[in-house]
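The values are calculated or read from the model by the stated rules, or taken from the named source; none is laboratory data. A quick note: this is a predicted structure, and the numbers were derived from the prediction, not measured. Don't worry about glycine lacking a Cβ; one is built from the backbone with ideal geometry, like all the others, and counts go over all protein chains shown. Note: areas computed on protein heavy atoms with side chains; ligands, DNA, RNA excluded. Shrake-Rupley method; radii C 1.70, N 1.55, O 1.52, S 1.80 Å.
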Amino acid sequence: VFVREHQKISILGAVGRPGQYELVGPTTLLEAIAQAGGMTAQTTSELYVYRVGPDGKQERIVVGLLDVTRGGGQELNITLQPKDVIMIPIDQTLNVYVYGEVRTPGVIPYLSSKRITLLQAIAQAGGPTEWAKKSRIVIKRKDRKTGKEIKIEVNLKSVMGGKTADIVLEEGDVVIVP
């Protein structure tokens with residue numbers, strides 16, 4: 001008997017040894033991840049399995065990691081098929097900057113899988129000082145398309161009072177508390 005072709009899957013992203021692996025018999029998602037060295041600490045909250053369907057179109061299966069790893073969602077521990085691509089996104093650390101009348105101004109790191117809002121960033125900077133002008137907060141943001149700076153003026157008092165929605169910050173935003 002000669003093996004002419006091995007059936008393979010690909011595992012990419014936040015695993016110990018990303019790459020291509022042979023399918024030897026029925027293999028589940030968790031078995032394949034274990035074979036690739038397990039998930040790293042930089043894993044996001046979900047992974048994706050890309051599979052070519054019977055119609056030739058690629059489909060994406062979304063699997064919540066907590067659901068499949070805590071034993072409650074064993075139906076999500078799917079059996080893999082040849083040419084499946086498992087993508088486990090890497091959770092990157094991003095930064096926003098808070099300056100001005102806050103107790104500890106500076107860099108506020110956060111994970112890309114978890115958004116950070118204006119209130120959260122100011123709270124992590126120690127909160128506003130007694131001299132802060134809470135009604136005149138400015139968020140400086142670079143427009144992703146044009147590269148120009150955008151200024152967003154926010155009344156922190158109305159956000160704290162629930163009258164205005166809290167603003168989700170983006171990577172590189174600069175919050176100025178006058």
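Across region 1-96, Cα pairs under 8 Å and at least six residues apart give a relative contact order of 36 percent. Pairs of Cα atoms nearer than 8 Å and 6+ residues apart set the relative contact order; for region 26-178 it is 21 percent.
A Förster distance of 25 Å, applied to the separation of the beta-carbon atoms of GLU59 and ASP143, puts the FRET efficiency at 0.15. Rolled with a 1.4 Å probe across the full set of protein chains, the surface gives GLU46 an accessible area near 60 Å². Per-residue 3J(HN,Hα) values for region 84-95, derived from phi via the Karplus relation 6.51 cos²θ - 1.76 cosθ + 1.60 with θ = phi - 60°, read 5, 10, 9, 10, 10, x, 8, 7, 8, 8, 10, 10 Hz in sequence order (x marks Gly and Pro).
Listed values for region 111-120 are Karplus-derived 3J(HN,Hα) couplings in whole Hz (6.51 cos²θ - 1.76 cosθ + 1.60, θ = phi - 60°), namely 8, 4, 6, 10, 6, 10, 9, 4, 4, 5, and x replaces Gly and Pro.
The list (i) 17.4; (ii) 16.9; (iii) 19.5 gives values of Kirkwood radius over Cα pairs in Å, and only one came from this structure; which label was calculated from it? Looking at Kirkwood radius over Cα pairs in Å for this model, the match is (iii). Of interest is the spacing of the C-alpha centroids, which for region 129-178 and region 1-48 amounts to 43 Å. Estimated at 0.36 nm per residue, the fully extended path between LYS157 and LYS114 surpasses their Cα-Cα distance by 13.1 nm.
Applying a threshold of 31 Å to the alpha-carbon distances of LYS57/LYS148; LYS114/LYS163; LYS142/LYS163 flags LYS57/LYS148 as lying beyond it. Put simply, the Cα atoms of region 120-177 extend 36, 22, 17 Å along their principal axes, the longest span coming first.
The residues packed around PRO128, meaning those with a beta-carbon under 14 Å from its beta-carbon, carry a net charge of +3 if Lys and Arg are +1 and Asp and Glu are -1. Ignoring aspartates and glutamates fewer than eight residues from LYS140 along the same chain, the ones with Cα atoms less than 17 angstrom from its Cα are GLU101, GLU149, GLU153, ASP166, GLU170, GLU171, ASP173.
Checking every one of the chymotrypsin sites (Phe, Trp or Tyr not before Pro) in region 1-94 against DSSP loop status and a limit of 13 other Cβ atoms within 10 Å picks out PHE2. Which of ASP84, ASP55, ASP166 moves most in a GNM of the chain, Cα contacts under 10 Å? So, out of ASP84, ASP55, ASP166, the one fluctuating most is ASP55.
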